[in-house]
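Asker: Quick one: the structure is below, and I'll ask about it shortly.
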Amino acid sequence: MTTVIIIIIAVALVAAAAVYFFLVRGASGGGRGLRGRFGPEYDRVVARHGGDTKAAEHELGERVKLHGDLEKRPLTEAARADYTARWARTQELFVESPQQALNEADALLADLSRDRGFPAGGSFEERTDALSVHHARHVDGYRRVHTARSDGTGTEEMREAFVEARGLFDALLADGPATRDHGNRQLTEGRGTS
């Protein structure tokens with residue numbers, strides 16, 4: 001009887017370990033889990049590695065190890081209101097000076113991500129790597145704004161980058177999925193400006 005109980009416990013432990021391994025592996029590493037977690041960021045990293053999915057998955061797995069346990073700091077209501085007002089001013093500035101608005105949006109996203117607990121020092125890449133672990137679907141807009149500040153991008157491309165960056169702003173502000181209506185009506189309606 002004791003031998004049967006020991007065998008049943010051993011089988012249950014092995015089964016539990018197998019389930020745990022596959023669930024954790026699927027959620028935090030390897031092909032489908034990383035593709036699901038990172039979405040378009042997964043494809044961007046694979047392309048940057050020349051199609052080498054193994055190298056891309058290694059990089060993304062390292063990001064999860066480094067930044068996956070990052071503890072996000074909450075914002076006070078006053079800070080939330082201040083950031084919302086800053087974004088509104090930046091959006092209004094876009095009409096008169098798109099380049100200056102992109103500079104402001106870039107700085108605002110850096111400040112907001114820092115206040116939420118993302119790496120403040122280091123490089124832009126380190127910050128976006130950390131952001132990609134938690135906000136993979138929105139981080140590309142931030143990259144586009146950062147790049148468009150200095151690469152001679154046309155007004156339409158700057159507007160698209162600004163609108164896309166609003167997704168990360170919303171996600172960081174609410175710490176949830178960004179809303180579909182980003183409040184960029186001025187920018188989405190003024191497509192003819194160039």
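The values are calculated or read from the model by the stated rules, or taken from the named source; none is laboratory data. The structure displayed is predicted, hence computed values, not measured ones. A quick note on method: Cβ atoms are made from the backbone with ideal geometry, for glycine too, and the neighbour counts reach across all protein chains shown. Side chains are part of the model used for accessible areas, which takes the heavy atoms of the whole protein and leaves out ligands, DNA and RNA. Shrake-Rupley method; radii C 1.70, N 1.55, O 1.52, S 1.80 Å.
Asker: Of the numbered conditions (1) open to solvent by 50 Å² or more (accessible area, probe 1.4 Å); (2) of a type in the set (Asp, Glu); (3) modelled with pLDDT under 95, Asp129 satisfies every one except a single condition; which is it?
Answerer: (1)
Asker: Can you tell me which residue is farthest from the chain's Cα centre (by Cα) among those in region 3-45 that are hydroxyl-bearing (Ser, Thr, Tyr) and at pLDDT 80 or above? Let's see the steps before the verdict.
Answerer: Of region 3-45, the ones hydroxyl-bearing (Ser, Thr, Tyr) are 3, 20, 28, 42.
Those still in the list that are at pLDDT 80 or above too: 3, 42.
On the way: Thr3: 52, Tyr42: 12 Å.
Looking at residues that are hydroxyl-bearing (Ser, Thr, Tyr) and at pLDDT 80 or above, I get Thr3.
Asker: Looking only at region 112-126, which residues are crowded, with 17+ Cβ neighbours inside 10 Å and outside any helix (DSSP H, G or I)?
Answerer: Arg116, Phe118, Pro119
Asker: Of Leu70, Leu75, Leu109, Leu66, which residue is in contact with a helix residue (DSSP H, G or I) (Cβ under 7 Å, 6 or more places away or on another chain) and part of a helix (DSSP H, G or I)?
Answerer: The unique qualifying residue is Leu109.
Asker: Do we find that Asp43 is closer than 24 Å to Val133 by Cα, open to solvent by 20 Å² or more (accessible area, probe 1.4 Å) and assigned to a helix (DSSP H, G or I) in this structure?
Answerer: In short, yes.
Asker: From Leu70, Leu102, Leu75, Leu93, which residue is open to solvent by less than 50 Å² (accessible area, probe 1.4 Å) and free of Cβ contacts under 8 Å to residues at least 60 places away in the same chain? First the steps, then the outcome.
Answerer: Numbers: Leu70 fails: free of Cβ contacts under 8 Å to residues at least 60 places away in the same chain; Leu102 fails: free of Cβ contacts under 8 Å to residues at least 60 places away in the same chain; Leu75 fails: free of Cβ contacts under 8 Å to residues at least 60 places away in the same chain.
After ruling out the rest, the residue left standing is Leu93.
Asker: Kindly indicate whether Thr147 is under 27 Å from Glu59 (Cβ atoms), of a type in the set (Ser, Thr, Tyr) and at pLDDT below 95.
Answerer: Spelling it out, Thr147 is indeed under 27 Å from Glu59 (Cβ atoms), of a type in the set (Ser, Thr, Tyr) and at pLDDT below 95.
Asker: Among the residues of region 132-160, what is the count of those that are part of a loop (DSSP other than H, G, I, E, B) and open to solvent by less than 50 Å² (accessible area, probe 1.4 Å)?
Answerer: Of the residues in region 132-160, 4 are part of a loop (DSSP other than H, G, I, E, B) and open to solvent by less than 50 Å² (accessible area, probe 1.4 Å).
Asker: Sort out which residues of region 46-60 are among the β-branched types (Val, Ile, Thr) and either within 19 Å of Gly141 (Cα to Cα) or modelled with pLDDT of 95 or more (or both), and write them in order of number.
Answerer: Result: Val46, single match.
Asker: Is there any pair linking a residue in region 125-143 that is at positive phi to one that is crowded, with 21+ Cβ neighbours inside 10 Å and outside any helix (DSSP H, G or I), with Cβ under 9 Å and at least six apart or on different chains, and which?
Answerer: Pairs found: none.
Asker: Hey, Gly61 hits all of (1) farther than 25 Å from Asp106 by Cα; (2) open to solvent by 60 Å² or more (accessible area, probe 1.4 Å) but one; which does it fall short on?
Answerer: (2)
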